[in-house]
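Student: There's a structure below that I have some questions on.
The values are calculated or read from the model by the stated rules, or taken from the named source; none is laboratory data. Computed from a predicted structure; not experimentally measured. All Cβ positions, glycine included, derive from the backbone under ideal geometry; neighbour counts span all protein chains shown. These area figures cover heavy atoms from the full protein model, side chains too; ligands, DNA and RNA do not enter into them. Shrake-Rupley method; radii C 1.70, N 1.55, O 1.52, S 1.80 Å.
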Amino acid sequence: MQVHPSQLIHGCIITKDVFGKTNRPLISKNTVIKAIHKQVLDRFLIKEVEVAPKLASGEVFHPEPLDELKEGQPTLDESSLPVTFKEQYLHAVQIYKQWFAEWQAGASLDIGAIRELFVPLLKQLINQSRKDILLLPQYSSKQDYFYHHAVSTAFIAAFLGERLGMNQGEWLQLGLAGLLSDAGMAKLNESILKKDTVLTKEEYQEIKKHPIYSYRMVENISALSKAAKLGVLQHHERLDGSGYPLGTHKKKTHLFARIIAVSDMYHAMTTDRLYQSKQSPFLVMELMMKKQFGRFDHTVVQAFVKSMSNYTTGTKIKLSDGQIGEIVFTEASQPTRPMVRLDSGEIINLTEVQDLYIREILT
């Protein structure tokens with residue numbers, strides 16, 4: 001039967017793919033409706049959908065007449081089925097995956113659809129906790145790493161931009177630039193993207209072309225600022241000139257690019273990939289502060305580390321050896337290496353025990 005999205009309730013089953021402005025479905029056939037799906041339908045202004053006469057539970061579905069639905073009345077039980085940050089993030093990844101397939105087929109980038117989905121998500125992100133950002137790598141999968149990486153880079157960059165004092169318009173543009181910085185990968189041979197071993201020298205040279213391809217996809221989009229476009233083009237440049245595609249040095253590398261560079265590296269190193277295992281977020285932050293000094297903007301790195309590791313006394317953590325404890329004191333100069341009280345009662349100062357580090361935050 002055909003119903004308006006406002007008539008949907010939790011458990012409705014979609015019986016026909018739902019399309020927006022592209023030839024890829026927003027919601028696939030046989031999907032069981034949850035709150036996140038209703039939100040997507042609203043955002044893409046879908047007027048009707050095909051659903052089964054019975055709910056997933058087996059009950060007969062009796063949609064409320066449209067004229068009896070009160071304006072603004074929720075049709076899904078939001079209290080019993082909350083739209084979590086994780087759910088929205090995972091949905092965004094699937095939408096990006098669909099867009100990427102369209103770009104591979106030669107479709108142009110639809111900035112209207114991209115803004116419609118991501119601007120509300122980026123705005124919501126700023127109200128999330130640091131832990132939500134720390135957990136992004138855990139939501140990823142090796143097979144879909146590339147799509148997770150694009151969305152996570154967007155979220156981390158926008159989060160970091162706001163922490164650096166940018167206004168809303170600036171960090172929204174920054175987030176969109178982070179999302180689209182790897183769009184040009186769609187122009188590369190798919191076998192390179194799916195390779196589960198280390199790239200050859202020739203394959204790496206092909207990968208190094210993707211910022212230029214990404215830039216060409218966005219250079220004529222008026223809805224993106226010049227800063228966002230430079231962020232896309234320069235996001236793999238390094239301050240010492242060792243980056244690509246142009247080998248740009250510090251003075252010519254835009255702040256947007258420097259922020260995306262930090263966001264990109266952090267997510268890449270903390271996430272499992274086909275050919276590389278993830279590292280602890282706290283270990284990666286230490287690496288960025290010490291071993292990568294001179295390649296990344298130190299002010300940006302410091303702001304990121306401070307935002308992500310400034311946890312209060314009592315925060316539960318797990319160490320790299322599996323021991324559980326809680327933070328009891330943090331030195332401002334060593335934010336990733338606090339003093340920890342283990343469950344056994346022993347107190348360890350991580351600044352003095354370099355072979356131990358925080359693996360994850362538990363609360």
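Student: Going through A223, A228 one at a time, which residue ends up being farther than 18 Å from I207 by Cα and open to solvent by 20 Å² or more (accessible area, probe 1.4 Å)?
Tutor: A223
Student: Need pairs with beta-carbon distance below 6 Å; first residue at pLDDT 90 or above and within region 278-298, second open to solvent by 70 Å² or more (accessible area, probe 1.4 Å); sequence gap 6+ or separate chains.
Tutor: Sorted first by the residue in region 278-298, then by its partner, the pairs are R295/D240.
Student: A further question follows. Quick check: is even one residue across region 143-159 polar (S, T, N, Q) and under 15 Å from M265 (Cβ atoms)?
Tutor: Yes, that holds for at least one residue.
Student: Within region 170-190, count every residue that is open to solvent by less than 70 Å² (accessible area, probe 1.4 Å) and part of a helix (DSSP H, G or I).
Tutor: Counting residues in region 170-190 that are open to solvent by less than 70 Å² (accessible area, probe 1.4 Å) and part of a helix (DSSP H, G or I) gives 14.
Student: So in region 7-26, with the set limited to residues that are outside any loop (DSSP other than H, G, I, E, B) and within 21 Å of G58 (Cα to Cα), which one is modelled with the lowest pLDDT?
Tutor: Q7
Student: Still on this model: How do the helices (runs of 4 or more DSSP H) wholly within region 91-168 filter down when requiring 2 or more residues that are modelled with pLDDT of 90 or more and more than 21 Å from L193 (Cβ to Cβ): which remain?
Tutor: 111-125, 145-163
Student: Looking at region 336-354, which of the residues that are in contact (Cβ under 8 Å) with a residue 12 or more places away in the chain and charged (D, E, K, R) is surrounded by the most Cβ atoms within 10 Å (Cβ to Cβ)?
Tutor: Among those residues, the one meeting the criterion is R337.
Student: Take K29 and decide whether it is surrounded by fewer than 16 Cβ atoms within 10 Å (Cβ to Cβ), in a loop (DSSP other than H, G, I, E, B), at pLDDT below 80 and not β-branched (V, I, T).
Tutor: no
Student: I need every pair where a residue in region 32-53 that is under 17 Å from A113 (Cα atoms) has its Cβ under 7 Å from the Cβ of a residue that is hydroxyl-bearing (S, T, Y) and in a loop (DSSP other than H, G, I, E, B), sequence separation at least 6 or different chains.
Tutor: H37/T31; K38/T75
Student: Please work out which residue is surrounded by the most Cβ atoms within 10 Å (Cβ to Cβ), limiting yourself to region 268-290 and to residues that are part of a loop (DSSP other than H, G, I, E, B) and in contact with a helix residue (DSSP H, G or I) (Cβ under 8 Å, 6 or more places away or on another chain).
Tutor: Per the criteria, the residue is T271.
Student: Give me a count of the residues in region 214-248 that are part of a helix (DSSP H, G or I), farther than 19 Å from W99 by Cβ and among the polar types (S, T, N, Q).
Tutor: Residues that pass the stated criteria total 1.
Student: Another one. With the requirement that a residue be within 22 Å of Y266 (Cα to Cα), among the aromatic types (F, W, Y) and either at pLDDT 90 or above or open to solvent by less than 20 Å² (accessible area, probe 1.4 Å) (or both), what does region 303-335 give you?
Tutor: F304
Student: Among (1) out of contact with any strand residue (DSSP E or B) (no Cβ under 8 Å at 6 or more places or on another chain); (2) touching a residue at least 60 places away in the same chain (Cβ under 8 Å); (3) under 24 Å from S108 (Cα atoms), where does L164 come up short?
Tutor: Tallying (1) out of contact with any strand residue (DSSP E or B) (no Cβ under 8 Å at 6 or more places or on another chain); (2) touching a residue at least 60 places away in the same chain (Cβ under 8 Å); (3) under 24 Å from S108 (Cα atoms), L164 fails exactly one: (3).
Student: Filter region 171-198 down to residues that are of a type outside the set (S, T, Y) and over 22 Å from A101 (Cα atoms), then give me how many there are.
Tutor: 5
Student: Can I ask one more? Given the condition free of Cβ contacts under 8 Å to residues at least 40 places away in the same chain, more than 29 Å from E162 (Cα to Cα), acidic (D, E) and not in a helix (DSSP H, G or I), answer yes or no: does some residue in region 328-335 qualify?
Tutor: Taking every residue of region 328-335 in turn, none turns out to be free of Cβ contacts under 8 Å to residues at least 40 places away in the same chain, more than 29 Å from E162 (Cα to Cα), acidic (D, E) and not in a helix (DSSP H, G or I).
Student: Of all residues in region 32-49, count the ones that are of a type outside the set (D, E), at pLDDT 85 or above and either open to solvent by 50 Å² or more (accessible area, probe 1.4 Å) or assigned to a loop (DSSP other than H, G, I, E, B) (or both).
Tutor: 4
Student: Can you tell me which residue within region 191-213, out of those that are at pLDDT 95 or above and in a loop (DSSP other than H, G, I, E, B), is surrounded by the most Cβ atoms within 10 Å (Cβ to Cβ)?
Tutor: K209
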